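Below: the structure, in C-alpha cells.
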Amino acid sequence: MSETTNMPMDTSCHPLRIFLVEDSLDIQELMIENLAMIPGVVMAGVSESEDDALKKLNTQPCDILIVDIQLKKGNGINLLRQIAERKTPDPLKIICSNNATEVFRRVGRQYGVNHFFDKTSEFPQLFELVKNLSSANFACHSRA
C-alpha cells in the first residue's frame, strides 16, 4: 500500500541511490535484479541487519531506503526510529515486509515511512514506484 509520493531527495541530479535492508538472500537477489533493470537506479548498499545497516547508512548516502521489518539481527522499525532521530536529510523510506498489519503501517508512518508494500503480493507496485521516481529524476538530468 502506497502512502505518499513526495520524495525528500537532495536536489542535485544523479542516479537514484537505493539502500536495501533485507535478511533473506533470495529476496535480496530478487529485488537487486529487478531494481538493476530500472534505468537511472544504482544500489548504494545492502545490509542484512539493523546495526550493519545503520553503520553503512552513516557513510553511504541514499535517496531511497527499502527496509524489511523482521531481520535476523535487530528489526526495521528500530532502524527507522534511529534514522528519524538523526540530524541528516532523510531518504525516501519504504517498508517492504510480509508483516503488513495496520499496526506496522502506523508505526512506520510515525518514523517517516512514505510507502508500505506487502512482500507477499506487492513487488510489482514497489518496482513501479521506483521506476516512476527514476523517470522523474531522469527529467532532472534532462533539464541540467
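Collect the residues in the range 21-65 that are over 20 Å from E122 (Cα atoms) and among the acidic types (D, E), keeping them in residue-number order.
E48, E50, D51, D52, D63
Kindly indicate the residue of the range 116-135 that is of a type in the set (S, T, N, Q) and in a helix (DSSP H, G or I) and also nearest to A36 (Cα to Cα) among those meeting that condition.
This residue is S134.
Could you tell me which numbered condition K93 fails, if it satisfies all but one of (1) buried (at least 22 other Cβ atoms within 10 Å of the Cβ); (2) of a type in the set (K, R); (3) modelled with pLDDT under 95?
It fails just one condition, (3).
Which of the residues spanning the range 86-104 are in contact with a strand residue (DSSP E or B) (Cβ under 9 Å, 6 or more places away or on another chain) and either on the phi > 0 side of the Ramachandran plot or in a helix (DSSP H, G or I) (or both)?
Listed by number, the list holds a single entry, F104.
If the requirement is being farther than 18 Å from N34 by Cβ and touching a residue at least 40 places away in the same chain (Cβ under 8 Å), which of these qualifies: V113, V67?
V113
Which number in (1) outside any strand (DSSP E or B); (2) at pLDDT 95 or above; (3) not charged (D, E, K, R) marks the one condition that I83 misses?
Only one criterion is unmet by I83, namely (2).
The values are calculated or read from the model by the stated rules, or taken from the named source; none is laboratory data. Just so it is clear, the model here is predicted, and its values are computed rather than measured. With ideal geometry, Cβ positions are generated from the backbone for all residues, glycine too; neighbour counts draw on all protein chains shown.
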